[in-house]
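Undergrad: There's a structure below that I have some questions on.
The values are calculated or read from the model by the stated rules, or taken from the named source; none is laboratory data. Keep in mind the model is a prediction, meaning the values are calculated, not measured. In this analysis, Cβ positions are derived from the backbone assuming ideal geometry, glycine residues included, and neighbour counts consider all displayed protein chains. All accessible areas refer to the heavy atoms of the entire protein, side chains included, with ligands and DNA or RNA removed. Shrake-Rupley method; radii C 1.70, N 1.55, O 1.52, S 1.80 Å.
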Amino acid sequence: MSEAPGRSPSVLPKLFGLAFITGFSGAIMPGPLLVAVIGQTVLQGLRGVVGLITGHALLELVTVALLAMGLQAMLGRPRVRGAIGLLGGAGLAWMGFDMVRSVPHLTLDLSQAGAQVYSWPQLILWGAAVCAANPYFTAWWATVGAGQLATMAPRTVPEYLSFYLGHEASDFSWYLIVGAIIVTGRNWLTDDIYHGLIYACGIVIALLGIAFIYTGLRLTFGAKQGEDASQPAE
């Protein structure tokens, strides 16, 4: 990957920030990883959080690398980027809407506990395994993750790394908050507060999805017009 002419250094924090925000669309929703984190945190404190999320992060490192290799040749084509961006934007908008819609039925049960204390290697493997087995994980990366890469169009290793680190920062932030609440025995994160967080995240994520759809449309039809204009007149 080589640096594109005129690429501003400010793209790195932009990639990090957008990946950080959209990463909450997966992190904050209840699922098998949350259950595993709660159980192991009850048994062995924040060590359980770090081990499980490290496994999750390693799986996503492989996922981003595979997406980067698969998309690299296509990201230079605006219409392809536009189509993938449309798919990802639609997926992100739907997830944001679904987060808001599902709020009344969600609860953050911090009373769940696991039955076995896992070692570091077991925690890492388990963190990767529960995500790999979760259909939501695959669907997220096939639509939202690929759509973000197509829309943001990272071109260098540092740019892909900024995207990856931003996404992982949202995962670690959320699960460390959950772990800290369990370890300290505090109960301030009530269902009402949890619902408010999901409402806020859902709205922001849906708006970002709409923005990605707009960018996808602009890339798709802008490229089409450019191609039409380059054709010789009959």
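Undergrad: Using a probe of 1.4 angstrom, how much of the accessible area of segment 169-223 is carbon and sulfur, in percent?
TA: Working: 2010 of 2800 Å².
Carbon-and-sulfur percentage of accessible area, whole number: 72.
Undergrad: Right, another one. Quick one: if you stick a label point 7 Å off each Cα along the C-beta vector at SER102 and SER10, how many nm between them?
TA: 3.6
Undergrad: Just report the Cα centroid separation between segment 131-148 and segment 166-185, whole Å.
TA: About 21 Å separates the Cα centre of segment 131-148 from the one of segment 166-185.
Undergrad: A further question follows. What's the local net charge at TYR175, with K and R +1, D and E -1, over the other residues with C-beta under 14 Å away? Show your work: numbers first, answer last.
TA: Working: positive: ARG47; negative: GLU60, GLU168, ASP171.
Summing Lys and Arg as +1 and Asp and Glu as -1 gives -2.
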